[in-house]
1. Kindly give the distances from A:Glu66 to its copy-mates, label point to label point, with each label point 7 Å from Cα along Cα→Cβ, as nm values to one decimal ordered shortest first.
2. For B:Cys228, B:Cys109, what's the fewest-to-most ordering of other Cβ within 10 Å of each Cβ?
3. Counting only DSSP beta bridges with both residues in the protein assembly as shown, what percent are antiparallel, rounded to the nearest 5?
4. How crowded by other chains is B:18-29, given as the mean number of beta carbons from other chains within 10 Å of each beta carbon?
5. Once you average over the residues of B:131-139, how many Cβ atoms of partner chains fall within 10 Å of each Cβ?
6. For region A:141-238, what proportion of DSSP beta bridges, expressed in % and rounded to the nearest 5, is antiparallel?
7. Could you grab the relative contact order for region A:101-203? Cα pairs under 8 Å, six or more apart, rounded to a whole percent.
8. Shortest first and in nm with one decimal, please list how far the B:Glu20 label point sits from its counterparts in the other copies (point 7 Å along Cα→Cβ).
Protein chains: 2
Amino acid sequence: MSEVKSGTLFGVGLGPGDPELMTLKAVRVLSSAPVVAHFRKAGRTGHARTIANAHIRTDVVEAAFEYPVTTEIDFREDGYVSAIRDFYEESAAAIVAHLEGGRDVALLCEGDPFFYGSFLHMYDRIKAAHQVMVIPGITGMSGCWTAAQAPITYGDDVMTVLPGTLDEEALTKHLGVADAAVIMKVGHNIEKIKRALSAAGRFDDAIYVERGTMPGERVAKLSDLGECAVPYFSIVLLPGGRGRRIA
Amino acid sequence: MSEVKSGTLFGVGLGPGDPELMTLKAVRVLSSAPVVAHFRKAGRTGHARTIANAHIRTDVVEAAFEYPVTTEIDFREDGYVSAIRDFYEESAAAIVAHLEGGRDVALLCEGDPFFYGSFLHMYDRIKAAHQVMVIPGITGMSGCWTAAQAPITYGDDVMTVLPGTLDEEALTKHLGVADAAVIMKVGHNIEKIKRALSAAGRFDDAIYVERGTMPGERVAKLSDLGECAVPYFSIVLLPGGRGRRIA
């Protein structure tokens, strides 16, 4: 009976969206992995797959995991938790089947694998029994502050990253003590975020960024945005640099 | 009289230290820029120059700007501010001379150009009169949490980035309300940082990382570190994920 050497799971950070912002290391791993996996919304190509496209081998085995739910259900509801838990279990099992067959798997990750995101749910399930290697990537927020030409932190600035899903009181409290801030997961939280920024006295400094570094990129002063629907993955930036600067 | 088209300043993010974590875009810009500039400690090669080394053309014009002071003088002292202001003025003037001569300049930046760092002092002085293009890079902190195999943020975690130069009370206050935290600029602030983490009830969770993704990389639980001198650019991580996890 021959024993197969278990494969390695690579969490491949792809950066914020511009394919040229992929790292040399990400490209190298993609060029050799026999299996490429990624998460996507049902029926879409998926952002991660699009970013990596030029580097996916034609003979690769692809595994696309389609979210059963996305942002339509509040994550605090039981239906969401149950559906997404089953989904992550099945996705992890599919990856493990490849690893046990001796095949390395490159799991495509938008941004940085260890900074939010679905990769963590695979990492936590797989790392105990299999080798996992993570390749960091440029975060979506770095892509957004670059797109906005907005240096985010100077000198001794404190920067806080806030999910827009927090309640208004928590957002206001955190914004009140940060020099710089990044608010992620904006979507339908936008009006609440505007109120929190106003309450913290920072509304006029805020910048809205959508699809940073990608086609369709949009940058606007938040105060110029008006009332409109915005995507879940848009970002609001509050640049620092109000304190000490060597001018 | 012929008019020379002004060159472009490229702020080239090089990532956390591993040269393979440079982006395709950074490599492309370095392969064509006629002038490469970088900051360094007097008498050293400089981290940025070392990271980029394989991609610097042999016929390039190099400009190395050597800091007149680094961390030996407290930045709140007049001597520091005056010396470093003159230094930044002279460095910017040297870059501008190349731009006015029609030569593009690639300014090497460790990490991400818009996330702390000396590039900002050039950006603020040069952007009004010349074209500046910024290429984001993986931050040093991403390199450190990857090196530590420590996912930094899950789900709705709030993450705060704190300069270790803050006073103990401010550090404690911020650590008390963050799910995840990154403390930069550790150096001689290490004992103060330990006290602040203890006061916030988070000391046992903290991870110390030195030279993340580089030769000589060192990762340790902060509580195992003992009293010792550590470099200025080391980082302390407080991973998130204590709250909601879909397990």
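Laboratory data are not the source of any read-out in this text; all were calculated from the coordinates shown. As the structure is a computational prediction, the values presented were derived from the model and not from experiment. Backbone-built Cβ (ideal geometry, glycine too); neighbour counts: all protein chains shown.
1. Copy-to-copy label distances at A:Glu66, shortest first: 6.3 nm.
2. B:Cys228, B:Cys109
3. That works out to approximately 35 percent antiparallel.
4. Average per residue, whole number: 6.
5. Mean partner-chain Cβ count within 10 Å for B:131-139: 6.
6. 65
7. Relative contact order here is 20 percent.
8. In nanometres, ordered from closest: 2.4.
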